[in-house]
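**Q** The structure that follows is given in the form of structure tokens.
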């Protein structure tokens, strides 16, 4: 039976991480800018008055009792490893987004003269109300902007920020009750009043993709790289982070999300994605011009890449290949640029066309055009449910089943 006098291991790790972080990085100036608040249990909580989050896997945690300083030496390595696991629990993009959301919330609290700590459902309810009303960035005492210039946040953005607050509070050992009436009732009203259908990116079908490939210069390394990225992203239905996260082989980089194996029938991609590890089969194309395996092999051969990241930045007027991994934003820019150059959806004005395409256009394109059983498409996309896969099938099966005629009309 566990001794009730012993601290929970989670609390112990949190105390260790907070103590080491604060002890290593806190300066006299930072101490001067801190304010303390007392929660319901009578313990003092600290927060940065400027609302800027600190960096690190356990950043911004409130100071813990000095008992953490008595941590045995032989547990310090375990504490350091625990912090790396905490950091690995979420993706870098998620942590950056949550840190930015927390900074926005604490900045709003400072302007409204309310404390962000401890969590107060009424304060959070007022914050999400300000987001929905487009007044979250207003400064008290100054004239409010005109109603026409106010920009209410989308419901999806508000829900993400609410999730970010709950996550940040949890990292501080606190709990935000999202079912509290001050939050739940307000969010229900916001959804009823402001919810809108999701804006999905346009699916790029095979003819669109072939036209996009023709806009790329096969005589340059950049053109060869871009061809390989488009074809692999489409044929594998990969996310943009998965495309640039691939390595030439297993365990070659610390930041890699997977690796490739070229086989006789095609290419096997092993990925660590949102739903865990999965294997994606990318078969060879019907011609060399549209074969994703051939395109990748050509790029790797001429770029002289045999180890590390597959897709890298090309510099020196297209003659030099860097060693670092390409940013996933480059995939979205490539898709948008090539689609516009190929005249995809040329029936629409230029301004509207620019907002139609992004990295997900490749995933949606395969899901919408592959004429196979739905379960195969679901497996390729790595979805846990067929319902999610159908959301990616933008144009497939539309009006194939006519219930009007089936009913006798």
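The values are calculated or read from the model by the stated rules, or taken from the named source; none is laboratory data. Everything numeric here is computed off the predicted structure, so don't read it as measured data. In this analysis, Cβ positions are derived from the backbone assuming ideal geometry, glycine residues included, and neighbour counts consider all displayed protein chains.
**Q** Sort out which residues of the range 192-221 are closer than 30 Å to residue 154 by Cβ, surrounded by fewer than 13 Cβ atoms within 10 Å (Cβ to Cβ) and modelled with pLDDT of 85 or more, and write them in order of number.
**A** Across the range 192-221, the qualifying residues are 192, 193.
**Q** Consider the range 341-352. How many of its residues are touching a helix residue (DSSP H, G or I) at 6+ places or on another chain (Cβ under 6 Å) and under 16 Å from residue 201 (Cα atoms)?
**A** The total comes to 2.
Matching residues to (1) within 26 Å of the chain's Cα centre (by Cα); (2) touching a residue at least 12 places away in the same chain (Cβ under 8 Å):
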| position | (1), (2) |
| --- | --- |
| 264 | no, no |
| 268 | yes, yes |
| 280 | yes, yes |
| 286 | no, no |
| 295 | no, yes |
| 303 | no, yes |
| 309 | yes, yes |
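**Q** Hey, any hits in the range 339-354 for a residue that's closer than 15 Å to residue 246 by Cβ, at pLDDT 85 or above, surrounded by 18 or more Cβ atoms within 10 Å (Cβ to Cβ) and over 19 Å from the mean Cα position of the chain (by Cα)?
**A** No: the range 339-354 contains no residue that is closer than 15 Å to residue 246 by Cβ, at pLDDT 85 or above, surrounded by 18 or more Cβ atoms within 10 Å (Cβ to Cβ) and over 19 Å from the mean Cα position of the chain (by Cα).
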